[in-house]
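Take a look at the structure set out below.
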Ligand SMILES: [Zn+2]
C-alpha cells in the first residue's frame with residue numbers, strides 16, 4: 001500500500017495553510033447545498049470532477065451508484081439521504097453514473113457473480129435499470145449506465161424525505177454520466193421539481 005500518511009503530511013504542509021480559514025469555518029458549520037450520489041469506483045472523484053471545496057458536497061458512494069428504493073428497514077444509504085435532505089436541507093441531488101462502470105458491465109454482460117454473493121444481491125437494485133436498457137440490446141454497457149441513472153433517480157424519489165421536498169418544490173434532481181477517458185459530464189435533462 002502506498003504510504004497515505006505521506007499524502008496527509010503533504011496536505012498539512014502544502015494545502016491546508018491556504019485553506020485554514022475555510023476549515024476554521026467548517027469546524028462548526030456543515031451546510032452543503034448538494035447531495036452527490038456516485039459510484040464507489042476510485043476513478044470517479046466527486047470533488048475533483050466538480051471542483052468543489054470541502055463543505056460543498058454531501059457525498060454517498062455505492063457500487064454502481066445504486067440507490068435502493070425506500071423500505072421500512074433502515075440502511076446507511078437511506079439514512080444518509082434523509083439526513084442530507086431533511087436535516088441539512090440540500091437543494092439539489094445528483095446521481096452520477098460513469099463510463100466503464102464495473103457494476104454495470106457485470107450486469108450488461110451477465111457476468112457470473114456466484115463468488116461475490118453480496119455484490120449479486122446488491123445489484124438487484126438495478127433490476128429496473130436492466131429492464132429499461134433491454135431495448136438497447138444485451139451487452140450495451142453505455143445504455144445501461146444511462147438507464148441506471150434514470151432508474152436510481154426514480155428510486156430516490158420513493159424516499160419520504162425526497163418525496164416531501166419534491167412536493168414542496170425545494171429540491172431538484174439531476175442525472176449525470178461522467179466519461180473517464182475525456183473527463184466530460186453529460187447530463188440527463190434536468191428533472192424539474194415535480195420529480196421524475
Ligand atoms: Zn461504477
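We did not get these values from a lab; they are worked out from the coordinates using the rules stated. From a predicted model like this one, the values you see are computed outputs, not experimental measurements. Cβ placement follows ideal geometry from the backbone for every residue including glycine, while neighbour counts extend to all protein chains displayed.
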May I ask you to compute the full-extension gain from residue 109 to residue 131, defined as 0.36 nm times their residue separation minus their alpha-carbon distance, rounded to one decimal in nm?
6.5 nm
Taking springs between alpha-carbon atoms closer than 10 angstrom, which of 14, 112, 41 fluctuates most in the Gaussian network model of the chain?
14
By how many nm would the segment from residue 170 to residue 73 lengthen if fully extended, with 0.36 nm per residue of separation less the alpha-carbon distance?
32.3 nm
Per residue of the chain, what 222 nm ellipticity follows from adding -39500 (n - 2.57) for every DSSP H run with n ≥ 4, rounded to the nearest 500?
-9500 deg cm²/dmol
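If I take R0 = 25 Å and measure r between the Cβ atoms of residue 121 and residue 86 in this structure, what FRET efficiency does the formula 1/(1 + (r/R0)^6) give, to the nearest 0.05?
Approximately 0.35, to the nearest 0.05.
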With springs only between Cα atoms under 10 Å apart, run a GNM on the chain and tell me which of 157, 78, 116 wobbles the most.
116
With a ≥ b ≥ c taken as the square roots of the eigenvalues of the C-alpha gyration tensor of the chain, please select rounded if a/c is under 1.5 and otherwise prolate if a/b is larger than b/c or oblate if it is not?
oblate
Could you work out which residue, out of 82, 168, 47, moves most in a Gaussian network model of the chain, that is, has the largest mean-square fluctuation with Cα springs under 10 Å?
168
Working out 0.36 nm times the residue gap between residue 31 and residue 11, then minus their Cα-Cα distance, what length gain in nm do you get to one decimal?
4.9 nm
